[in-house]
Amino acid sequence: MDLCVTIKGVSFLLQTGMGILGNTLVLLAYTNIIFTEPKLLPVDMILCHLAFANLMLLLTRCVPQTMTVFGMRDLLNDAGCKVVIYTYRISRALSVCITCMLSVFQAVTIAPAGPHLSRLKPALPSLVFPVFVGLWLLNMAICIAAPFFSMAPRNGTVPAFTLNLGFCHVDFRDNLSYVINGVAVSGRDFAFVALMVGSSAYILLLLHRHSRQVRQIRRSHGGGAETKAAKTVVTLVILYVAFFGIDNVIWIYMLTVENVSPVVADMRVFFSSCYASLSPFFIMSSNKKVKAKIVCAAEQDQLSADTQETNDK
């Protein structure tokens, strides 16, 4: 195994392992919170769903990618490729959509109350689940073409207009279907990214230009939790947009060539998965509820280990 392959394999392995661990810890923390608190805030419900989407993304894309980099072949048959690629496409789409949802909901939460928002704000918790269902249905419909073009790798040369993922091929057969798919996926992503950037800019505007009003809103809603949550949301959006930009620069390049190099495809996978791997650690460090549950669990484990060690002596 040459140095380039080793570096690539170790990079994917670290990214995948850290991402799966981080998102699993966030989900476990929220599971505990659900059973110990009467209800979750809309932001908490959205963060929990975001961690689930990111975990599915890593399991369906980075895990087989890492195994392929280290030399494992024939991981999936045609049916397996169709299921994995379809699940990955939906998970990736949900990651951007839920991050956008998080930004919009937080912007509505801290916005000054008006004639319309005064009725909308109390209804936010009841809107979370319907929006989740709508996003799932939307992305399942947009990604429905993915299974039809996915197949297990074939021996021989890779046909033109085929995305060589290593463990699977996505064969679009002609330039038209290749471009239409790319435009549909990119159009959806750019629409949601534009919406999340707009709502995040509005949040920053409120925090910067109306500090006195924001302080009053914090008092009327129970302290500075909303302002801190707003800053967390904005940071998550900035993190997503940074990796989204790199991802789409590579994607636009891939749309301009007939045969995509595996190295280019690997680079896109790595950068497009960075958000899924890094975001849970930012959630754990900035969300007091999640951080408290994880610290409490770690202290209990340490106490159990100390007790066991004492008993053994």
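With an a/c value of 1.5 or above and a/b not larger than b/c for the gyration tensor axes a ≥ b ≥ c computed over the alpha-carbon atoms, the chain is described as oblate. The label point for L195 and the one for I238, both projected 7 Å from the Cα toward the Cβ, are 2.4 nm apart. Neighbour counting of Cβ atoms within 10 Å sorts the residues V96, V83, V185, fewest neighbours leading, into V83, V185, V96. Dividing the mean sequence gap of close Cα pairs (under 8 Å, 6+ apart) by how many residues the chain holds gives a relative contact order of 25 percent.
Calculate, in nm to one decimal, what H208 and I252 gain on full extension: separation in residues at 0.36 nm each, minus their alpha carbon distance.
Numbers: separation 44, 0.36 × 44 = 15.84 nm, distance 3.53 nm.
Additional length available on full extension: 12.3 nm.
Working note: Karplus 6.51/-1.76/1.60 with θ = phi - 60° gives region 76-90 the couplings 9, 8, 4, 5, x, 4, 4, 5, 5, 5, 5, 5, 5, 4, 5 Hz, where Gly and Pro are set to x.
Computed from backbone phi, the HN-Hα couplings of region 279-295 come to 4, x, 6, 5, 4, 5, 7, 9, 9, 4, 5, 5, 4, 5, 5, 5, 5 Hz, rounded to whole numbers (Karplus: 6.51 cos²θ - 1.76 cosθ + 1.60, θ = phi - 60°; Gly and Pro given as x). Model label sites at I144 and A113, defined 7 Å from Cα along the beta-carbon direction, differ in position by 4.4 nm. Remark: region 262-276, residue by residue, has Karplus-estimated 3J(HN,Hα) of x, 5, 5, 4, 5, 4, 5, 4, 4, 6, 6, 9, 4, 5, 5 Hz, where x stands for each Gly or Pro and the curve is 6.51 cos²θ - 1.76 cosθ + 1.60 at θ = phi - 60°. Which distance in Å, rounded to a whole number, links the C-alpha centroids of region 158-180 and region 79-117? First find each Cα centre; the distance between them is then 27 Å.
Per 0.36 nm of contour for each residue apart, how much would the distance between A123 and L176 grow if the chain were fully extended, relative to their Cα-Cα spacing?
In short, 14.7 nm is gained.
Relative to the longest principal Cα axis of the chain, at what angle does helix 225-255 sit, 0 to 90 degrees, rounded to 10? It is inclined by approximately 10 degrees.
Give the distance, in whole Å, between the Cα centre of region 25-54 and the Cα centre of region 230-244. A separation of 19 Å, based on Cα centres.
Over the chain, DSSP H runs of length four or greater, each weighted -39,500 (n - 2.57), average out per residue to a 222 nm ellipticity of -27500 deg cm²/dmol.
Read-outs throughout are calculated quantities, based only on the coordinates presented, and are distinct from any laboratory measurement. The model shown is predicted, which means the values in this text are computed figures rather than measured ones. For neighbour counting, all protein chains shown are included, and Cβ atoms are generated from backbone atoms with ideal geometry for every residue, glycine included.
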